[in-house]
Amino acid sequence: MRMYDLIQKKRDGGELSEKEIRWFIEGYTKGEIPDYQVSALCMAIYFRGMTLEETTALTFAVRDSGERLDFSEIHGLRVDKHSTGGVGDKTSLVVAPIVASLGVKVAKMSGRGLGHTGGTIDKLEAIPGFRTDIPVDEFKDIVNETGIAIVGQNATLAPADKLLYALRDVTATVDSLPLIVSSIMGKKLAADDDCIVLDVKTGSGSFMKTLEKSRELAEWMVEIGKRAGKRVRALITDMGTPLGYAIGNSLEVVEAIHTLQGKGPADLTELCLELSAHILALAEKGTYEECLQMAKNAISTGAGLQTFAKMVEGQGGNPAWILQPENFPVAKYSRTVVAKESGYIHSVDAEGYGVASLLLGAGRNTKEDVIDPTAGIYLKAKTGDYVRAGDPIAVLYSGKESGFAAAEERLLASTHISAEKPEAIPLVLAVVE
Ligand code: URA
């Protein structure tokens, strides 16, 4: 087989066979196919797309490119939740402890920030001492002891995705449906969870900007998960505006703690409860309504918060920080951004908010960048709120002042104020089973 022929076939709109797809993934993982040919194929896939059959073959090839984990030593049903990536999306920090407090095992492997979106592992590393790089055997022991652990992806898990991801990130081929499906599901299927709930984001802060595309993404991920024998459900949720008020690692951990204390923002609380209820229902803990009530109780009794503190302790962090979040340091510098005109915040470009947060140090512009855990944005007004000219709309936080001007400019350019009050958009737009 020749890579040239595969590129040409896809470029001309042909369908790759399972054999061809496996050959290319295996060759690329072994370092036998150069990046420039894989870049060309990714671009051809970006423009020509892939059929469901091709995408399934690509997903399974990514899954099989490294070690497939065996979680059978973890007692009980294992669940996972995965978001396709958003801005201010700290739901995993709330949902995982809630469902673990209700008796399902959370054995979760998460990623770092990607493009303008934040990553759970970067957020958890804002907790001093918290270890995310834990060997698989210790990870399984922690889940058996405490019911929950969230770690970074094991180096041998789906290595083809690591290579492909880094390549896509720099060749403008991230937002391709078959490439997203195979990246996410390839990793999820290489881990060994029984139930997977996917939070498929749609709107300006997500990789899929239209509801139609997000629905297709959700349907394909669910279908491929089922073909692999998993219980999978997807929620399509709005990412037209950041979730909650906090964007940035420490700020988001504190907001997640407040949510587990029952005093979180309404949108974040609603989505966390919905996701928790769907996970619990998939794990057969009760009907959806019963599971929703159980999730609410886990917040009101403090059981979810206690489980979060237990998880932090199990992974080497100080649980006192979870129970007293005022311990988290505040950034050395801050700057308030004010509205330039009066009116309703009609819409925001959530991706622009994500980029503004990166500019402050909350994410990476290059692979080598070190994250400032205190950096980020705290919103003072959200879509639908009325502001007067001069009212604060956000506070920027950073350990250095040099990023403020660019971040402020980006944030203001991403905030659209108008005399007209926007229509409220539901947070959960659809459930795909
Ligand atoms: N998250 C992933 O892991 N991969 C993608 O392609 C997009 C989001």
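Between segment 228-301 and segment 134-191, the C-alpha centres lie 22 angstrom from each other.
Would you mind telling me the share, in percent, of accessible area of the chain contributed by carbon and sulfur at probe 1.4 angstrom?
Ligands and nucleic acids excluded, carbon and sulfur reach 50 percent.
Calculated mean residue ellipticity, 222 nm, the chain: -14000 deg cm²/dmol, from DSSP H runs (n ≥ 4) at -39500 (n - 2.57) each, averaged per residue and rounded to 500. Kirkwood's formula applied to the C-alpha pairs of the chain gives a hydrodynamic radius of 22.0 angstrom. When every Cα-Cα distance of segment 3-49 is counted in 10 angstrom steps from zero, the calculated P(r) takes the values 29, 60, 10 percent.
How large is the dipole of segment 12-65 about the Cα centre if only Lys and Arg carry +1 and Asp and Glu carry -1, each at its Cβ, rounded to the nearest 20 debye? Once rounded to the nearest 20, the dipole reads 120 debye. When the chain is modelled as a GNM with alpha-carbon springs shorter than 10 Å, which of 344, 386, 36 fluctuates the most? Judging by the Gaussian network model, the answer is 36.
Extents of segment 21-106, largest first, come to 47, 34, 24 Å (Cα atoms, principal axes, whole angstrom).
Multiplying each eigenvalue of the alpha-carbon gyration tensor of segment 78-325 by 5 and taking the square root yields semi-axes of 25, 20, 19 Å, largest first, rounded to whole angstroms. Could you work out how far the C-alpha centroid of segment 398-427 sits from that of segment 311-358, in angstrom? Using only Cα atoms, the two centres lie 14 Å from each other.
Computed from backbone phi with θ = phi - 60° and the Karplus coefficients 6.51, -1.76 and 1.60, the 3J(HN,Hα) list for segment 228-244 is 8, x, 9, 8, 10, 9, 10, 10, 9, 10, 6, 10, x, 8, x, 8, x Hz; x is used for glycine and proline. Membrane-span-like helices of the chain, defined as complete DSSP H segments with a Cα extent of 20 Å or more along the helix axis and a mean Kyte hydropathy of at least 0.0, are identified as 266-282. Placing unit charges on each Cβ (+1 for Lys and Arg, -1 for Asp and Glu) gives the chain a dipole about its Cα centre, and among 143, 74, 418 the Cα reaching farthest toward its positive end belongs to 418. Simple point charges give the picture: +1 on the Cβ of Lys and Arg, -1 on the Cβ of Asp and Glu, and for the chain a dipole about the Cα centre of about 220 debye. Largest GNM mean-square fluctuation across 134, 377, 196, computed for the chain with C-alpha springs under 10 Å, falls on 134. Using a cutoff of 8 angstrom between alpha carbon atoms and counting only pairs six or more residues apart, the relative contact order for the chain works out to 18 percent. Derived from the Cα gyration tensor, the three semi-axes of the equivalent ellipsoid of segment 342-419 are 25, 12, 9 Å, largest first.
Which net charge results when you count Lys and Arg as +1 and Asp and Glu as -1 among the other residues whose beta-carbon is under 12 Å from that of residue 281? After counting each charged neighbour, the total is -2.
The values are calculated or read from the model by the stated rules, or taken from the named source; none is laboratory data. From a predicted model like this one, the values you see are computed outputs, not experimental measurements. Counting neighbours? That spans all protein chains shown, and the Cβs are built from the backbone with ideal geometry, glycine included. Accessible surface areas use protein heavy atoms only, side chains included; no ligands, DNA or RNA. Shrake-Rupley method; radii C 1.70, N 1.55, O 1.52, S 1.80 Å.
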